[in-house]
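Asker: I'd like to ask some things about the structure below.
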Amino acid sequence: MTKPRLWITRRLSDATLERAARDYDVVINHEDTPGSADELVTASAEFDAIIPCHSEHFTAEVAAKLDPRLRIIANHSVGVDHCDLPSLKERGIVVTNTPDVLSDATAELAMLLMLGAARHAVAGDRIVRSGQWDFWSPSFMVGKQVTGARLGIVGMGRVGQAFATKARGFDMEIHYFNRSELPEVQAKGAIYHSTVESLLEVADFLSLHCPATPVTTNLMNAERLALLPKGAVMVNSARGALVDESALLHALKQGDLAAAGLDCFQIEPGGNPEFAAHDNIFMLPHIGSATTRTRDAMGFRALDNLDAFFAGETPKDQL
């Protein structure tokens, strides 16, 4: 029996590539560069399936040009804002993602961002690393304490709940906004807010965990940032589109926000060069799910979806 032909657009984990080579006629982009629109269109005539990352953009324009041979796009990501789902559905192409398996790794990184931003990690590292640490004072690098503070979570899905679990270890009082209120077995005492605005008013720390959609683009604009208590810390480990970066920078310069922890930006790769001059912005290069265990799990989840599809079943994570 002929194996389905599969294109893997990026250099996934060794375990994932080994399994893919066993079960599929696979071509791997070992150069590990993002697939362009033209490459996606060309590949659609040569492959039955593609495993892309969020670096490959299946826009409406790309979807309209895809060859009928391509039957499934099994994303190696939980977010699918790089895919025009209605256009792909119209072409009869199945789209899947990899939920569940990256929640803990992303929540860990959000905690790192929150702690690093609150306790001056950027300035502290720079001072020690450059040999400038030649003094001490009780007023030196005094930060914002996490323990016992009020935490606001926007988006109480899998990652938001995983982050809340970790935050409870710091005795934080957890508040959340979600499209709907969670049952208590999931909320575990977290306080529900029916609007983002009411959540922001009580959030000493704010962490964003919602997807990027037309509704949530620039969710944190100047008006909403102004609702946070003075000296609050904001964390974004979800999507860069959620934050108006100019408004964020203004709030930090004015001292309305104490600090920010960011793992994602409006422009990726690269980030926002204006942020680099500010020690109270703790930044990482979109590595929320970058652990060995999670990368293996994401790759295997994508392959599980492919296996189900080519066995004539509905993939578990079909969107």
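Asker: Within the range 14-33, can you find the residues that are of a type in the set (Lys, Arg) and surrounded by 13 or more Cβ atoms within 10 Å (Cβ to Cβ)?
Answerer: Within the range 14-33, just Arg19 meets the criteria.
Asker: Answer with yes or no whether His54 is of a type outside the set (A, V, I, L, M, F, W, C) and modelled with pLDDT under 95.
Answerer: It is true that His54 is of a type outside the set (A, V, I, L, M, F, W, C) and modelled with pLDDT under 95.
Asker: Here is a further query. What number of residues in the range 101-137 are in contact with a helix residue (DSSP H, G or I) (Cβ under 6 Å, 6 or more places away or on another chain) and either not aromatic (Phe, Trp, Tyr) or not assigned by TED's automatic domain parsing to the domain that holds Ala260 (or both)?
Answerer: 9
Asker: Within the range 83-93, how many residues are surrounded by fewer than 19 Cβ atoms within 10 Å (Cβ to Cβ) and out of contact with any helix residue (DSSP H, G or I) (no Cβ under 6 Å at 6 or more places or on another chain)?
Answerer: Total meeting the criteria: 5.
Asker: Right, Val80: within 30 Å of Lys230 (Cα to Cα) and crowded, with 19+ Cβ neighbours inside 10 Å or not?
Answerer: Criteria not met by Val80.
Asker: A further question follows. What strands (runs of 3 or more DSSP E) lie completely within the range 1-84 and have 3 or more residues being within 22 Å of Asp317 (Cβ to Cβ)?
Answerer: Output list reads 5-8, 49-51, 72-74.
Asker: Still on this model: So in the range 18-43, with the set limited to residues that are touching a helix residue (DSSP H, G or I) at 6+ places or on another chain (Cβ under 8 Å) and free of Cβ contacts under 8 Å to residues at least 60 places away in the same chain, which one is farthest from Ala308 (Cα to Cα)?
Answerer: Here the answer is Ala37.
Asker: Working carefully through the options Phe282, Phe265, find the one that is crowded, with 20+ Cβ neighbours inside 10 Å, out of contact with any strand residue (DSSP E or B) (no Cβ under 6 Å at 6 or more places or on another chain) and of a type in the set (A, V, I, L, M, F, W, C).
Answerer: Checking each option against the conditions leaves just Phe265.
Asker: Now a separate question. Being more than 16 Å from His54 (Cβ to Cβ), within 17 Å of the chain's Cα centre (by Cα) and assigned by TED's automatic domain parsing to the domain that holds Ala117 is true for just one of Asp204, Asp244. Which residue is that?
Answerer: Being more than 16 Å from His54 (Cβ to Cβ), within 17 Å of the chain's Cα centre (by Cα) and assigned by TED's automatic domain parsing to the domain that holds Ala117 holds for just one of Asp204, Asp244, which is Asp244.
Asker: Still on this structure, I have one more. Take Val41 and tell me if it is within 27 Å of the chain's Cα centre (by Cα) and farther than 24 Å from Gly240 by Cβ. So that I can check it myself, show each step before the final result.
Answerer: Details: within 27 Å of the chain's Cα centre (by Cα): yes; farther than 24 Å from Gly240 by Cβ: yes.
In short, yes.
Asker: Answer yes if at least one residue in the range 204-213 is surrounded by fewer than 23 Cβ atoms within 10 Å (Cβ to Cβ), out of contact with any Gly (no Cβ under 9 Å at 6 or more places or on another chain) and modelled with pLDDT under 95, and no otherwise.
Answerer: Yes: the range 204-213 contains one or more residues that are surrounded by fewer than 23 Cβ atoms within 10 Å (Cβ to Cβ), out of contact with any Gly (no Cβ under 9 Å at 6 or more places or on another chain) and modelled with pLDDT under 95.
Asker: Inside the range 92-178, counting only strands (runs of 3 or more DSSP E) that do not spill past its ends, which hold 2 or more residues that are touching a residue at least 24 places away in the same chain (Cβ under 8 Å), of a type outside the set (Ser, Thr, Tyr) and in contact with a Leu (Cβ under 6 Å, 6 or more places away or on another chain)?
Answerer: Output list reads 150-154, 173-177.
Asker: If I ask for residues that are buried (at least 20 other Cβ atoms within 10 Å of the Cβ) and among the small types (Gly, Ala, Ser), which ones from the range 165-186 would you list?
Answerer: The one that is buried (at least 20 other Cβ atoms within 10 Å of the Cβ) and among the small types (Gly, Ala, Ser): Ala167.
The values are calculated or read from the model by the stated rules, or taken from the named source; none is laboratory data. Quick caveat: nothing in here was measured; it's all calculated off a predicted structure. We place every Cβ from the backbone using ideal geometry, glycine too, and count neighbours over all the protein chains shown.
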